[in-house]
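Some notes on the structure that comes next.
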Amino acid sequence: MRALAKVSRTHGAMELVERERPDPAPDEALIEVEYAGLCGSDAGIYEFESAFERMALPTVIGHEYTGRVVETGDAVSGFSIGDRVVERPIRGCGECYQCSIGEENVCQNAVITGVDHDGAYERYISVPERALHPVPDSVDPMHAAAVEPTSIGTRAVIENSRVGPGDRVLVEGPGPIGLLTAQVARAQGGTVVVSGVGQDETYRLPLAERLGLETINVGSEDLDSRRDELTDGVGFDVVFDTTGHPSGLQSAVDAVRKGGQIVLVGQTGETTMPYSPLVRSEIDLQCSYASMYEDFERALRLIGSGDVDCATFVDDRFSLLDANDAFEAFLSGETCKPVFDIAELEG
Ligand SMILES: [Zn+2]
Ligand SMILES: [Zn+2]
């Protein structure tokens, strides 16, 4: 079968390779992949950022996907042939201290599908039963491919923020995680504004508006004056930084109100800034990483209810047969969440 793999340690270097259809181990199910999304981290592999130097190449990438069980190992008891599933792609070891106390998302030995072993940009993937999550019929298959990134947003908002009804919320960064986080924060009762930069004005900020969210373009508007106008000069109760850029934390500090909360979701990288003003304003600085079973469950329900509007959010214009187009469009901000029809790899 054909699969899209990262083949060498340079920018780009994504190629269609041949893979054998895997045989599931006793504790695994074989999944026929239907749809798979392109994630910011897949784009990071495309650019070959330093975080991915550990990868053994070639590796088939892709970790946000959905499909059906077509075969089960002898020891699989919770899933049957025909069941619709998504995978929780960051797998805890089950044995370290964090796994023992229910913090699998920060496992010391976690492995990630599509990074540490072959992922879902191929028609068949074998997955341990304990990493699978059932998908109800109420969720459209193409939308189910967005469950994993949505679960990052549900964890950030519901588990790790204090957003409640009436709160004024700023989400920095209109990328996939930002726009999903924003929709979950709105479902929690927040009044949500999304900020972006010049590169976001062609696709991502207009998409935020189509999702019914207020936007700020910090490339052409003054963040401070928009903040004052939107929050009566007080500042935002909660600011989510999903930019993955060092400037995101500094601008979050500028935008949050005294006594408010900043939730770091994107991986900011390296930055220096004065922290004393945060102490004096009693800013709550919270991090949110990955997601767990309950976050997936909530993501599925919010997609099913339409609170997270995947019909508007998902971009089906791209094909894995011309994957570079999708990666380049993603990196230049001309798309937000491409979802590929994996059946195209057949034939
Ligand atoms: Zn992802
Ligand atoms: Zn562990």
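FYI, it's all coordinate maths here, none of it is from the lab. Predicted, not measured: the structure shown is a model, and the values here were computed from it. No Cβ is skipped: glycine too gets one built from the backbone with ideal geometry, and neighbour counts run over all protein chains shown.
Data overview
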{"item": "Förster radius 51 Å - calculated FRET efficiency between SER80 and MET273, Cβ distance, rounded to 0.05", "result": "0.45"}
{"item": "Anisotropy class of the stretch 151-287 from Cα gyration tensor, a/c 1.5 cut", "result": "rounded"}
{"item": "Sum of -39500 (n - 2.57) over DSSP H runs of 4+, divided by residues of the chain (222 nm, nearest 500)", "result": "-7000 deg cm²/dmol"}
{"item": "Percent antiparallel among DSSP beta bridges (both partners in the chain, rounded to 5)", "result": "55 percent"}
{"item": "ASN324-ILE112 pseudo-label distance in nm [points 7 Å out on the Cα-to-Cβ vector]", "result": "2.5 nm"}
{"item": "Added length on full extension, which subtracts the Cα-Cα distance from 0.36 nm per residue, ARG280 to SER138", "result": "46.3 nm"}
{"item": "Over the chain, relative contact order from alpha-carbon pairs under 8 Å, at least 6 apart, %", "result": "19 percent"}
{"item": "Gain upon complete extension [ILE101, GLU334; 0.36 nm per residue less C-alpha separation]", "result": "79.7 nm"}
{"item": "Mean separation of Cα contacts under 8 Å (6+ apart) over length of the stretch 219-347, as relative contact order %", "result": "16 percent"}
{"item": "Dipole-positive endmost among LEU211, VAL234, CYS287 within the stretch 151-287 (Cβ charges, Cα centre)", "result": "CYS287"}
{"item": "Per-peptide average of other Cβ atoms within 10 Å, ordering 6-13, 121-128 highest first", "result": "121-128, 6-13"}
{"item": "Gyration tensor verdict on the stretch 1-144 (Cα atoms; rounded if a/c is under 1.5, prolate if a/b is larger than b/c, oblate otherwise)", "result": "oblate"}
{"item": "Gyration tensor verdict on the chain (Cα atoms; rounded if a/c is under 1.5, prolate if a/b is larger than b/c, oblate otherwise)", "result": "prolate"}
{"item": "Added length on full extension, which subtracts the Cα-Cα distance from 0.36 nm per residue, GLU15 to ALA311", "result": "103.6 nm"}
